[in-house]
Amino acid sequence: MLVVLCMDTSYSMRGEAIDRLNDALAGWARSMQAGEKMARTTEFALITFGAGGVRKWRGSESFDPRSDRTPFVPAHSFQPPKLIADGVTPLVEAVRLSISVIEARKRQLARDRVTWKRPLVWLVTDGRPTDDQGHPSSDWRPLAGEIRGLEANQKLALFAIGIPPIDDQGQATLRELAPERNMMYGRFDFSDILVQLDRSVEDPNYKLRGYQPRQA
């Protein structure tokens with residue numbers, strides 16, 4: 001299975017949010033390296049949007065999103081970088097890149113005659129999509145339609161997670177992007193988000209449990 005972590009690292013993620021995200025990713029990676037979860041046939045890719053624009057990652061190295069180099073690595077080899085937060089929120093560009101790297105990897109696997117389950121994209125953000133000047137963008141609307149088509153054809157499943165301080169419009173955007181697979185958190189509970197991700201890998205029909213009340 002192919003899984004993309006599409007993570008917001010924009011300026012608003014500075015402080016507690018980015019620290020908790022880094023801690024959760026590090027702990028999650030250690031558990032996979034120890035063989036506690038994930039089949040060896042599962043591959044992960046990390047895409048970030050915010051600091052440095054939209055970036056692909058392999059371990060601590062980020063590289064140009066236009067590069068043909070794949071960001072996918074086996075689950076037991078996943079090594080998250082120490083992420084920093086800055087910049088605007090080019091969410092649409094990041095989701096499109098996530099779809100692109102999945103399609104490229106599927107072509108590679110097909111050449112090797114390797115089969116795969118429906119890929120997953122896990123999007124985590126604390127705000128609305130913006131343009132390169134930081135202004136709210138409506139470019140997500142055509143993207144939502146494209147995702148519907150991809151999901152209908154079993155080409156991927158998008159999970160959309162909102163974290164504080166996401167506002168009502170940001171939440172509405174995520175619900176449009178992923179009507180059956182969205183969740184809004186009232187705290188920076190990245191560990192629980194990764195638990196939900198684990199479940200989605202185990203169950204290809206997994207859907208999120210809906211809105212989670214805001215908590216301090």
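Before moving on, here are some points about what is shown:
- Among residues of the stretch 23-46 being free of Cβ contacts under 8 Å to residues at least 12 places away in the same chain and not charged (D, E, K, R), the one that is nearest to GLU93 (Cα to Cα) is SER31.
- Restricting ASP112, ASP168 to residues that are out of contact with any His (no Cβ under 7 Å at 6 or more places or on another chain) and either closer than 21 Å to THR9 by Cα or surrounded by 15 or more Cβ atoms within 10 Å (Cβ to Cβ) (or both) narrows the list to ASP168.
- Answer residue from the stretch 115-132, given it is part of a loop (DSSP other than H, G, I, E, B) and farther than 16 Å from THR9 by Cα and is modelled with the highest pLDDT among those: PRO119
- Among the residues making up the stretch 142-165, those that are surrounded by 14 or more Cβ atoms within 10 Å (Cβ to Cβ), over 18 Å from ILE47 (Cα atoms) and free of Cβ contacts under 8 Å to residues at least 60 places away in the same chain are ALA144, ARG148, LEU150, GLU151, LYS155.
- Comparison of ARG20, ARG96, ARG14, ARG55 shows that the only residue that is of a type in the set (D, E, K, R) and without any contact (Cβ under 8 Å) to a residue 40 or more places away in the chain is ARG55.
Okay, residues lined up against (1) touching a residue at least 60 places away in the same chain (Cβ under 8 Å); (2) over 25 Å from LEU150 (Cα atoms); (3) among the acidic types (Asp, Glu):
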{"position": "THR48", "(1), (2), (3)": "no, no, no"}
{"position": "SER67", "(1), (2), (3)": "no, no, no"}
{"position": "PHE78", "(1), (2), (3)": "no, yes, no"}
{"position": "ILE102", "(1), (2), (3)": "yes, no, no"}
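- Of all residues in the stretch 1-49 being part of a loop (DSSP other than H, G, I, E, B) and β-branched (Val, Ile, Thr), the one that is surrounded by the most Cβ atoms within 10 Å (Cβ to Cβ): THR42
- Filtered by the rule that a residue be in contact with a strand residue (DSSP E or B) (Cβ under 9 Å, 6 or more places away or on another chain), within 23 Å of LEU197 (Cα to Cα) and among the acidic types (Asp, Glu), the stretch 82-140 gives GLU93, ASP126.
The values are calculated or read from the model by the stated rules, or taken from the named source; none is laboratory data. As the structure is a computational prediction, the values presented were derived from the model and not from experiment. FYI the Cβ positions are ideal-geometry reconstructions off the backbone, even for glycines, and counts take in every protein chain you see.
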